[in-house]
Each structure stands twice: as C-alpha cells, then as structure tokens.
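Worksheet: one structure, shown below.
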Amino acid sequence: MLALALAVLVATPAPSPPALRTIQTVKSTPFCSALQRHFNAAFVPMLGNDRSFRIVGERLDDLNVLFTRPTYASDFYVLRGRLMQHVGEIDRSLPQIGAQIDRLRAGAALTDDAASREQMLATVSSLEAAYAIQKQIAYDLHGLVQSMMEYDPLAHPHPAGGMDPSELGIPRDMRDLKSYLRYDSRRDTMQKAQSTAVDRALALAQSRCQ
C-alpha cells in the first residue's frame, strides 16, 4: 500500500489561504503512484503561490494609498523590494509546477482503464487552468515591478491627495491597481480551478486507488 498525501483545499473565508488535509492508503500501482507524486508536486507549490498572491494583494492595497503618506518615498522603496521578493518566489516555482503537470498528464497512459484515464486528464485540465492564471498574474506583476524600478519618487513633487491633480477626477476603480489588474477576480477563478482539480483528484484516488 502507498500513502497518498493528497493536497486538498478546505473552504475557508477569504482572505485566509486554503488549508491542507491528507487521505491515506492507496494502491501501489504505476498509475496511482503517478497521481500521488505528480499531483502533489504540482499542487503544493501552486498553493504556496496562492498564499504569496494573497500577500501581494495586501501590498497592492498599500501601494494604492502609499502616496497619501508623508513617508511615501521610503515606503515606496520598501514596498518595491517586497514585491520583487514575492514575484521572484512565484517565478521560481512556475517551471516546476508546469513540469509536474506534464508528468501527471503522461501518467494517464499508465492505465488501460479508459474512465481512469479520462479522470486523470480532467484533473490535469483543471490544474492547467489554475497554472495559466498564475502565470498571467505573475507576468502582470513583473510589469508592475519593472515600472516601479524605473520610477524615482524623489524625482517628482509629492502629488496632492496621492495623485497628480490631473488624475484626481478619474473614477476610483481606474486608479486602483487591483481593479486595473483584475487581481481579485482572477484569483477567484484560479482558486475555483484549484478546487475542481482537488475534487477530481480525490474522486480518482478514492475510486481507483484505494
């Protein structure tokens, strides 16, 4: 028998990160081993990224109001460094996640059972959907960090009300970075895809591997 430490999303109120639980005792077959090994190896760092995205969201909220503070210049440098750190951590995890999803897809060929193969590929599809959104958000955050690297807050006068006077009449949502990036809505879609992937992996493990 093989212990399957399957990462499972537990519904918790936002913005708390999802939690993990495990299920045990699955058959030690190549197909089940592939499910256990590659699903976990893809999903656990993906969940770690989700926690990083939650923290980045808090940084974006801070950035929205940063220029209203008298310490905006020093705060800008600190915030920029923290965003660079989080985005770097996410970036380093993405190739590993993609490779494990590919290996999970290859694992579908390890069974002659058509239904099991279809369930495995459906699980892969959900993981890929969440992974694609993580890559998209990371790409957009790269652009933000790059813009922050090119901006020197000390080279400009402190903007009134945190904004250039010409921008004060712009609707609030258009001045909100999270709104502009569709940050929260994309995270919601990502988490739904993650939940679906977990549900499918659990159903497969319980029906074919226990």
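Each reported figure results from applying straightforward, stated rules to the coordinates on display, with no laboratory input. None of these values were measured; they are calculated from a predicted model. Every residue, glycine among them, receives a Cβ derived from its backbone with ideal geometry; neighbour counts consider all protein chains shown.
The modelled label-to-label distance for the pair residue 113/residue 186, using points 7 Å beyond Cα in the direction of Cβ, is 3.8 nm.
Each of the peptides 100-108, 134-142 was scored by the mean count of other Cβ atoms within 10 Å over its residues; in descending order, highest first, they stand as 100-108, 134-142. For the stretch 30-208, report the % of Cα-Cα distances exceeding 23 Å. Tail of P(r) above 23 Å: 50 percent of Cα pairs.
As a rough footprinting exposure proxy, the listed residues 127, 177 were ranked by other beta carbons within 10 Å of their own, and the order from fewest upward is 177, 127.
Computed 3J(HN,Hα) for the stretch 79-87, one whole-Hz value per residue from the Karplus formula 6.51 cos²θ - 1.76 cosθ + 1.60 where θ = phi - 60°, is 5, 4, x, 5, 5, 4, 5, 5, 5, glycine and proline marked x.
How large is Rg/Rh for the stretch 81-139, to two decimals, with Cα atoms and a Kirkwood Rh?
Values: Rg = 14.7 Å, Rh = 12.8 Å.
Result: Rg/Rh = 1.15.
Across the stretch 126-138, coupling constants 3J(HN,Hα) worked out from phi with the 6.51/-1.76/1.60 Karplus curve, θ = phi - 60°, read 5, 4, 5, 4, 5, 5, 4, 5, 4, 5, 5, 5, 4 Hz, and Gly and Pro carry x. Over all other residues within a Cβ to Cβ distance under 12 Å of residue 139, the charged ones net out to 0, with Lys and Arg as +1 and Asp and Glu as -1. Note on 68, 196: ascending count of other Cβ atoms within 10 Å places them as 68, 196, the fewest first.
Dipole size of the stretch 30-208 about its Cα centre, with +1 on Lys/Arg Cβ and -1 on Asp/Glu Cβ: approximately 440 debye, rounded to the nearest 20.
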